[in-house]
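Below: one structure, written as structure tokens.
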Amino acid sequence: MKPFVKAITEALRDLADADNAFWMRKYMREKYPFLGVKKPERQEVFKALYKEYGSSEDWFEVSTELFAMPEREFQYVAMEYVKKAKKSWDARLPALFEEWIGEESWWDVVDFLGPQILGPYFLQFPAERDLWINRWMNSGNFWLQRFCLVFSLGYKDKTDIILLAKTIQALSSSKEFFIQKAIGWALRQYARTDAEWVLDFVENNALAPLSKREALKHL
């Protein structure tokens with residue numbers, strides 16, 4: 001066990017709270033076990049231990065070890081660890097995230113990894129973007145397809161509107177709630193940069209009612 005993993009495992013288990021864990025499981029529809037450590041406490045522990053151990057350890061090895069642990073808090077820490085290691089990112093990152101998502105993922109992981117890590121990663125390594133987007137769009141896995149919709153949420157005027165439009169059009173007939181919602185989310189976010197483009201896109205494309213509502217929520 002890596003020193004950081006050992007230290008944060010002990011620290012979070014010491015903070016475990018059964019009542020919190022019960023409600024956290026309920027919120028996540030009983031999909032994952034929890035220790036019951038809320039985000040502020042978890043982040044405080046993470047910050048202190050990363051300062052002590054984190055910068056000297058390989059992000060891939062540490063995050064892989066953490067994400068394999070059953071309690072969801074460790075998976076959140078794994079993602080934070082990768083995010084913190086931005087200066088050390090390399091080509092292992094997208095494949096690792098694909099493995100983490102698998103077939104049994106949930107929105108909490110996808111919506112953190114997509115805009116907070118994959119988005120910056122593809123700006124840092126632009127030649128990799130289309131390879132992975134094409135792979136995930138053709139995967140049949142709607143969680144990986146959601147990646148393709150949400151990774152650029154923070155791009156603002158760096159958004160590739162041709163790719164955004166193409167991705168939405170390819171997924172617009174999906175009946176999956178998480179895809180329809182993500183389409184609207186992506187459009188609503190880009191409307192902060194170019195509202196006219198979004199209004200025109202919504203008017204001229206067949207979108208699910210949920211996607212339209214989300215896209216036009218603040219327009």
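The values are calculated or read from the model by the stated rules, or taken from the named source; none is laboratory data. In this text, all values refer to a predicted model and were calculated from it rather than measured experimentally. Don't worry about glycine lacking a Cβ; one is built from the backbone with ideal geometry, like all the others, and counts go over all protein chains shown. Side chains are part of the model used for accessible areas, which takes the heavy atoms of the whole protein and leaves out ligands, DNA and RNA. Shrake-Rupley method; radii C 1.70, N 1.55, O 1.52, S 1.80 Å.
The table that follows gives values for the structure above.
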| read-out | value |
| --- | --- |
| Enumeration of residues in the stretch 189-201 that are surrounded by fewer than 20 Cβ atoms within 10 Å (Cβ to Cβ), assigned to a helix (DSSP H, G or I) and touching a helix residue (DSSP H, G or I) at 6+ places or on another chain (Cβ under 7 Å) | 197 |
| All positions within the stretch 86-107 that are open to solvent by less than 40 Å² (accessible area, probe 1.4 Å) and either modelled with pLDDT under 95 or β-branched (Val, Ile, Thr) (or both) | 101, 102, 105, 106 |
| Selection count where residues are out of contact with any Leu (no Cβ under 9 Å at 6 or more places or on another chain) and β-branched (Val, Ile, Thr), scope the stretch 42-84 | 1 |
| Answer residue from the stretch 108-133, given it is open to solvent by less than 10 Å² (accessible area, probe 1.4 Å) and within 12 Å of the chain's Cα centre (by Cα) and is farthest from residue 160 (Cα to Cα) among those | 109 |
| Failed condition for residue 179, given (1) within 19 Å of residue 157 (Cα to Cα); (2) touching a residue at least 24 places away in the same chain (Cβ under 8 Å); (3) surrounded by 21 or more Cβ atoms within 10 Å (Cβ to Cβ); (4) not polar (S, T, N, Q) | (1) |
| Selected residue (criterion: modelled with the highest pLDDT) from residues of the stretch 19-37 that are touching a helix residue (DSSP H, G or I) at 6+ places or on another chain (Cβ under 6 Å) and not hydrophobic (A, V, I, L, M, F, W, C) | 36 |
